[in-house]
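Asks: Below you'll find the structure I mean.
The values are calculated or read from the model by the stated rules, or taken from the named source; none is laboratory data. The structure presented is a predicted model; accordingly, all values stated were derived computationally and were not measured. Neighbour counts run over all protein chains shown; Cβ positions are idealised from the backbone, glycine included.
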Amino acid sequence: MKATATNPKTNSWWRGAVVYQVYLRSFADGNADGTGDISGLRSRLPYLADLGVDAIWVGPWYASPLLDGGFDITNHREINPLYGTLADAELLIKDVHAQKMRIIVDLVPNHTSMHHPWFQEAMAAPPNHPVRDRYIFRDGHGADGSKPPTNWTSAFGGPAWERSADGQWYLHLFDVSQPDLNWHNQQVQQEFESILEFWLELGVDGFRVDVAHGLCKDRGFPDTNHGSVGSPHPQTPDHAQRPYANHPFWDRDELHEVVRRWRSIVDKYGDRILVAEAWVRPERLPLYIREDEYHHAFNMDFLESDWNASELAQNIFDSHARVATQGSTSTWVMSNHDVMRQSTRLGLPPKTDWRRWPSQPCKAPLDAVLGARRARAAALLTLSLPGSAYLYQGEELGLPEVLNLPTEMIDDPTYQLSGQMLRGRDGCRVPIPWEVSGPSLGFGRNAPWLPQPAEFAHYAVAAQTDDPQSSLSLYRQALALRKAWLNDTDTFEMLDMGKNVLAFQRGNSFVCIVNMGIAPIDVPVGKVLLTSAALINGQLPTDTAAWVISTDSAGSTSAL
Ligand code: GLC
């Protein structure tokens, strides 16, 4: 099958950008307090420029008690003092631009922290007072109102309603400390428009919008169809579910009006972007990237796919076709701060529920070597697909998931909220090893907020920099070759090179081929630019990817 370029009108930077996600708390600690910060990040910008990424995305860095890693905000215009000051943020924005990169930041509009002044005001006010209308307060059921208003459950586990002292209940689709905002309230709408303007004025190049499929709730407050089910969110045990049509709180049609207003603001500032984190059914995703809405929406189904050529090929083809209907490009993601790192995930047996796996007493066996090998192949796959790619800090080092964090150190609220059933997401949030020794392997000068396992020393940037076989070298080469050979306007064609082989062509001659079968396969005739593992007798071994400039019209069009 052949699809032509999806970029007839513009050549905006974001369409084919490689964006590097910085989890600030764990990237680099500049002031030796054990927590990553803006000054640490500024000191490491040359590393990112050298790696060759086009942009960085910095997660929520706003004032917050960090009860959910900063996705619980008390002031959207202030930087958390743990990370620095607003002046530091401005310096960072300047530095990033000086390095010819862009910077996007998080917008968290579904909820605030319970310590946000608005929520404090709401809790102090009597029922039905206008200041309560910024959030979602309801009377409970039953004669004494002691039953929650609906059967809705939190994405982190347990009921989504909490009773306040005066008897009314407030909605929190996430932690109890994260009350949901009422997006039908005008003040809420105006406040977020003003927050967008604030950061655009400071020079950010866009926003990754948290829980973009949340925001609007059915004002009739019906129960969900499935009782406790209905939380299509990464943290929930029901993650495989995507919201059904007209779900009471996920993926509602009304939310798009909000997005259109944001888009009109962002457009006033030139080539800046809105990226949606929307865990919705794949066929609903194009709605988010309509011409006057988001620029991009993460393709989470790519990340959720098993290591299986036909499943991935189908996902790639569908995603590419869907975004093309809206004139956008796909957004490929292999990992982020909410999911198990790919070099561990890909070493688990097929169909393993990797969110539950770390907490299971009898675990399917992990093949760490296999996972690392596949993660390298996955990097070449992700970085040659048409569209934009989002990398998560540390994936370029091949970092594994940390599986043995002491339970008393676990910070992720999902641990407690799941009744300690799920260990949560901290295993991918452990601070980056920069050096092979030292109290925090170069992350900072003191012990880090989450302990690094001893094996992290082998993954340190310093250990990998001069090793041509390292994961870091692979990413560096891939990013340089991507710039040299791949273009947003390339045609894209899936190739049929046999069962268990994922292959596609970009433009006239660039071929990416991934062998997901057991037997070695032939490499297309041409110049081999890069492989994720050495060829054996000129053939591509199992779980290996190659980039080839083909001099052969080898592949026939696949009939997916
Ligand atoms: C998003 C974030 C996640 C956070 C949740 C609630 O899914 O990626 O880390 O816990 O929203 O804000």
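Asks: Please pick out the residue among Ser12, Ser26, Ser64 that is among the hydroxyl-bearing types (Ser, Thr, Tyr), within 16 Å of the ligand (Cβ to nearest atom) and touching a residue at least 60 places away in the same chain (Cβ under 8 Å).
Replies: Testing whether each residue is among the hydroxyl-bearing types (Ser, Thr, Tyr), within 16 Å of the ligand (Cβ to nearest atom) and touching a residue at least 60 places away in the same chain (Cβ under 8 Å) leaves just Ser26.
Asks: Condition check: within 16 Å of the ligand (Cβ to nearest atom) and either under 25 Å from Pro109 (Cα atoms) or not assigned by TED's automatic domain parsing to the domain that holds Tyr294 (or both). Does Pro81 satisfy that?
Replies: Judged against the criteria, Pro81 is not a match.
Asks: Hey, among Leu391, Leu370, which residue is in contact (Cβ under 8 Å) with a residue 40 or more places away in the chain, under 19 Å from Leu472 (Cα atoms), within 16 Å of the ligand (Cβ to nearest atom) and hydrophobic (A, V, I, L, M, F, W, C)?
Replies: Leu391
Asks: Here are Phe156, Phe198: which of them is in contact (Cβ under 8 Å) with a residue 60 or more places away in the chain and closer than 28 Å to Met300 by Cα?
Replies: Within the list Phe156, Phe198, the selection yields Phe156.
Asks: Please work out which residue is nearest to the ligand (Cβ to nearest atom), limiting yourself to the stretch 34-61 and to residues that are among the hydrophobic types (A, V, I, L, M, F, W, C) and part of a loop (DSSP other than H, G, I, E, B).
Replies: So in the stretch 34-61, the residues among the hydrophobic types (A, V, I, L, M, F, W, C) come out as 38, 41, 45, 48-49, 51, 53, 55-58, 61.
Add one more test, that the residue is part of a loop (DSSP other than H, G, I, E, B), and what stays is 53, 61.
Values: Val53: 20, Trp61: 14 Å.
Only one residue fits best here, namely Trp61.
Asks: OK, next. Going by the structure shown, is Pro413 within 16 Å of the ligand (Cβ to nearest atom), of a type outside the set (Ser, Thr, Tyr) and touching an Asp or Glu at 6+ places or on another chain (Cβ under 9 Å)?
Replies: The answer is yes for Pro413.
Asks: With the checklist (1) farther than 28 Å from Tyr23 by Cα; (2) assigned by TED's automatic domain parsing to the domain that holds Asn336; (3) surrounded by 21 or more Cβ atoms within 10 Å (Cβ to Cβ) in hand, flag the one item Gln190 doesn't pass.
Replies: (3)
Asks: Which of the residues belonging to the stretch 117-153 are part of a loop (DSSP other than H, G, I, E, B) and either assigned by TED's automatic domain parsing to the domain that holds Gly214 or touching a Phe, Trp or Tyr at 6+ places or on another chain (Cβ under 6 Å) (or both)?
Replies: Gly140, Pro148, Pro149, Thr150
Asks: Are any of the residues in the stretch 217-228 in the same structural domain as Trp262 (by TED's automatic domain parsing), within 16 Å of the ligand (Cβ to nearest atom), part of a loop (DSSP other than H, G, I, E, B) and modelled with pLDDT of 95 or more?
Replies: yes
Conditions (1) assigned to a strand (DSSP E or B); (2) outside the structural domain of Gly538 (by TED's automatic domain parsing); (3) within 24 Å of Gln539 (Cβ to Cβ), marked per residue:
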| site | (1), (2), (3) |
| --- | --- |
| Ala478 | no, yes, yes |
| Leu481 | no, yes, yes |
| Ala484 | no, yes, no |
| Lys499 | no, no, yes |
| Gln505 | yes, no, yes |
| Asn508 | no, no, no |
| Val514 | yes, no, yes |
| Ala519 | no, no, yes |
| Pro524 | no, no, yes |
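Asks: If you don't mind, another one. Whether any residue in the stretch 337-344 is within 16 Å of the ligand (Cβ to nearest atom), hydrophobic (A, V, I, L, M, F, W, C) and touching a Pro at 6+ places or on another chain (Cβ under 7 Å) is what I want to check.
Replies: Among the residues of the stretch 337-344, at least one is within 16 Å of the ligand (Cβ to nearest atom), hydrophobic (A, V, I, L, M, F, W, C) and touching a Pro at 6+ places or on another chain (Cβ under 7 Å), which makes the answer yes.
Asks: Taking Asp88, is it of a type in the set (Asp, Glu), assigned by TED's automatic domain parsing to the domain that holds Gly424 and in contact (Cβ under 8 Å) with a residue 60 or more places away in the chain?
Replies: no
Asks: While we're looking at this one, here's another question. Failed condition for Asp106, given (1) more than 20 Å from the chain's Cα centre (by Cα); (2) part of a strand (DSSP E or B), with all others met?
Replies: (1)
Asks: Only residues that are of a type in the set (A, V, I, L, M, F, W, C), in contact with a helix residue (DSSP H, G or I) (Cβ under 9 Å, 6 or more places away or on another chain) and within 16 Å of the ligand (Cβ to nearest atom): list them for the stretch 105-125, please.
Replies: Val105, Leu107, Met114, Phe119 - these are the residues of the stretch 105-125 that are of a type in the set (A, V, I, L, M, F, W, C), in contact with a helix residue (DSSP H, G or I) (Cβ under 9 Å, 6 or more places away or on another chain) and within 16 Å of the ligand (Cβ to nearest atom).
Asks: If a residue has to be in a strand (DSSP E or B) and among the aliphatic types (A, V, I, L, M) to count, how many in the stretch 159-205 make the cut?
Replies: Going through the stretch 159-205 one residue at a time, the tally reaches 2.
Asks: Give the stretch 93-103 a look and list any residue that's part of a helix (DSSP H, G or I) and among the charged types (D, E, K, R), or say none.
Replies: Just the residues of the stretch 93-103 that are part of a helix (DSSP H, G or I), to begin with: 93-98.
Within the stretch 93-103, Lys94, Asp95 qualify.
Asks: So which of Gln178, Gln168, Gln99, Gln120 ends up being closer than 23 Å to Trp262 by Cβ and polar (S, T, N, Q)? Let's see the steps before the verdict.
Replies: Details: Gln168 fails: closer than 23 Å to Trp262 by Cβ; Gln99 fails: closer than 23 Å to Trp262 by Cβ; Gln120 fails: closer than 23 Å to Trp262 by Cβ.
The unique qualifying residue is Gln178.
Asks: Condition first: surrounded by fewer than 20 Cβ atoms within 10 Å (Cβ to Cβ) and within 16 Å of Ser343 (Cβ to Cβ). Can you find one or more residues in the stretch 472-489 that meet it?
Replies: Taking every residue of the stretch 472-489 in turn, at least one turns out to be surrounded by fewer than 20 Cβ atoms within 10 Å (Cβ to Cβ) and within 16 Å of Ser343 (Cβ to Cβ).
Asks: Counting only residues that are over 19 Å from Leu391 (Cβ atoms) and among the charged types (D, E, K, R), which one in the stretch 336-358 is surrounded by the most Cβ atoms within 10 Å (Cβ to Cβ)?
Replies: Arg355
Asks: Can you list residue pairs whose Cβ atoms sit under 6 Å apart, with the first residue in the stretch 103-127 being modelled with pLDDT under 95 and the second being in a strand (DSSP E or B)? Count only pairs 6 or more apart in sequence or on different chains.
Replies: Qualifying pairs under 6 Å: none.
Matching residues to (1) among the basic types (Lys, Arg); (2) within 14 Å of the ligand (Cβ to nearest atom); (3) over 27 Å from the mean Cα position of the chain (by Cα):
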| residue | (1), (2), (3) |
| --- | --- |
| Pro127 | no, no, yes |
| Val131 | no, no, yes |
| His141 | no, no, yes |
| Trp152 | no, no, no |
| Gly157 | no, yes, no |
| Glu162 | no, no, yes |
| Trp199 | no, no, no |
